[in-house]
């Protein structure tokens, strides 16, 4: 099953979060909190870093539920992001968190990396894919 959302403002994103949470509760209950943290961090990063030119931003959030996986994809038409440099800087999220305990910013990718079983960037950082392994009996698929 696939669920698709498109939005261009933070308020539009917030309006969709309840529905996203309901889908996660139904089809990926054991990974819901990790998926929600990751979704919010991914979208926050787009609004904060990818819309510097203040163009007509379009963000698409796709939730793909299979028997064994939840795949979350976020794409946008904003500015590119040097994800390779940031991923190298983070390394092991646990060590990164220890070294940045009091940081107020800059932990979003580390949070996603810690929450998801797999994190990948594509299209010069305009698309992120987060994969969560599900137990076969935890979802309604």
Exercise. Build a GNM of the chain with springs between Cα atoms under 10 Å: which of 60, 102, 131 gets the top mean-square fluctuation?
Worked result: 102
Exercise. Mind checking which of 12, 79, 41 has the largest fluctuation in a GNM of the chain, springs on alpha carbons under 10 Å?
Worked result: 12
Exercise. How big is the gap, in Å, between the Cα center of the stretch 1-80 and the Cα center of the stretch 82-127?
Worked result: 17
Exercise. Considering every Cα-Cα pair within the chain, what fraction, in whole percent, is farther apart than 23 Å?
Worked result: 34
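With runs of 4+ DSSP H residues as the only contributors, calculate the mean residue ellipticity of the chain at 222 nm using -39,500 (n - 2.57) per run, divided by the residue total and rounded to the nearest 500. Don't skip to the end; give the middle numbers.
On the way: 5 runs with 55 residues, N = 141.
Taken over the chain, the calculation gives -12000 deg cm²/dmol.
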Problem set entry | Candidates 14, 98, 69: whichever shows maximal mean-square fluctuation once the chain is modelled as a Gaussian network with Cα springs under 10 Å | 98
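The numbers here are math on the coordinates, done by the rules we state, and not lab data. Every value quoted in this text rests on a predicted model; they were computed, and no experiment measured them.
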